[in-house]
1. Find the accessible area per residue for region 98-205; the probe is 1.4 Å, ligands and nucleic acids are left out, and the unit is Å².
2. Around Met443, with a cut-off of 12 angstrom between Cβ atoms, what is the net charge of the other residues, counting Lys and Arg +1 and Asp and Glu -1?
3. Sorted by accessible area (1.4 Å probe), largest first, how do Thr286, Thr317 line up?
4. Subtract the Cα-Cα distance of Val72 and Phe313 from 0.36 nm times their separation in residues, and report this length gain in nm to one decimal.
5. Past the 25 Å Cα-Cα mark, which pairs from Lys84/Lys146; Lys141/Lys316; Lys94/Lys363; Lys94/Lys141?
6. State log₁₀ I(q)/I(0) for region 51-135 at q = 0.22 Å⁻¹ as given by the Debye formula over alpha-carbon point scatterers of equal weight, solvent excluded.
7. Quickly work out the Val441-to-Ile294 label distance, labels modelled 7 Å from Cα along the C-beta direction, and quote it in nm with one decimal.
8. On the accessible surface of region 103-204, probed at 1.4 Å, how many percent belong to carbon and sulfur atoms?
Amino acid sequence: MADVTVQRASGRGIWGWMFFDWAAQPFFTVVTTFIFGPYVVSRMASDPAMGQAAWGYGIAAAGFVIAILSPVLGSIADQTGPRKPWIAFFAAIKIASLCALWFAAPGSPLVPVILFFSLASVAAEFSTVFNDSMMPRLVSKAEIGKISNIAWGLGYLGGMIALIFVVTMLAGSQETGKTIIGVDPLFGLDPKLGEDARATGPLSALWYFIFILPMFFFTPDGAKGKPIGPAVREGLAELKSTLGEVRQRSGVLRFLVARMIYQDGVNAVLGLGGVFAAAMFGWSITEIGVFGIILNVVAIFGCWIAARLDTAFGSKTVVMISLVFLTIATVGIVSTGPGFTLFGALMLPGADTGGLFGTPAEKAYILFGLLIGIAFGPVQASSRSYLARSVTAEEAGRYFGIYALAGRATSFAAPFLVATVTALSGSPRLGMAMILLFLVVGMAVLWPTPYPADKVD
């Protein structure tokens, strides 16, 4: 497959592109996983099982829309040329949706809250499609794995800083009204009304608005192409052609199928892990937040190591190692409960000592969580570089659209299966165990896939 020589973008341009991940991550960290999601489950829903099911259905609905429209938008973007106008459009939708989460007071209807969350998730993913498709134009293929993992690590650093701010300055105890450092929540937020958790929506919106600006100011964009009308017609025609082309590129197709399966499991771990812990141990916002901080610290370290491993050994090696870690971690967290771990093979008796993570079982859960922290950044960053090394800059938009499709085509399946098994059985633990199917099968499909994916033996 022919490729053009890529002229390396300026340092400011590359850093501007990487700061997109910094800007985007707090939404996933404080809204989806560690603060707002568990708040919806534990305080807005009538019971935790029903809340986990509703949150899972919200993630599934967003995934369905993303799966349908991502490849269409990617192909249209290739025809129109510049990616930044698309990112700006979806940024506006994301910011407005996040601000609406402020109105998710305890006792208010759950459906509108889930709808606004799903809309923000859709806009966030579409923006990511266009940002990712800029990557092959910025650096050579040899550097792609490095900047992809560094960008992902920056994202976790940003998410961790936002989470620390929420835990120390906004999240107050319902009993004392004080934060973990003993001060009143900023802005007079009342934890009894859930205002500390609800504020994460507007906070993430403001953070996103500020920190995507370097990408708009400094990162080079594609040359202007066709007007939107012809671009839509030709983009749809090109998408049909690309889908036929993918079937002829067996390595690329196998990689996309593998990612479709394992990313479904990864998304479910990220979207439901904090919710599961909140329901099982009765963790407060503070405890969930501290757990998230721990995971993000480890994730930054994991991405830093993965950037080196990706350059030395390739993206596939990093993805496979990460999936093994995630599988072990998922078995660990599913098998841990009050007083035991490993499905009761190891009993962990002991009264709650008070404070954060006061029981031995909670400490075991934290240890398994560290494996998730190490792996969930690299598995996504190196998957992104895996594809970027397998396509040309000219076809990046449509292939990253299909990449998003591969990450979301069945992304409703894992949350839907988790939600349905949880609802039918009344057991969040049995529901979460369904995630293992996606991680293990995805690994099995990826194992014989060539690297780069377009490599012909």
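1. Heavy-atom accessible area per residue stands at 36 Å².
2. Residues near Met443 contribute +2 overall.
3. Result of the area sort, largest leading: Thr317, Thr286.
4. Gain on stretching Val72 to Phe313: 83.4 nm.
5. Table pairs above 25 Å Cα-Cα are Lys94/Lys363; Lys94/Lys141.
6. Rounded to two decimals, the profile gives -1.00.
7. 3.2
8. On region 103-204, the fraction of accessible area on carbon and sulfur atoms equals 70 percent.
The values are calculated or read from the model by the stated rules, or taken from the named source; none is laboratory data. Everything numeric here is computed off the predicted structure, so don't read it as measured data. Here Cβ is always computed from backbone atoms with ideal geometry, including for glycine, and neighbour counts include all displayed protein chains. The protein model used for the area step is the full one, side chains on, heavy atoms only, and it has no ligands, DNA or RNA in it. Shrake-Rupley method; radii C 1.70, N 1.55, O 1.52, S 1.80 Å.
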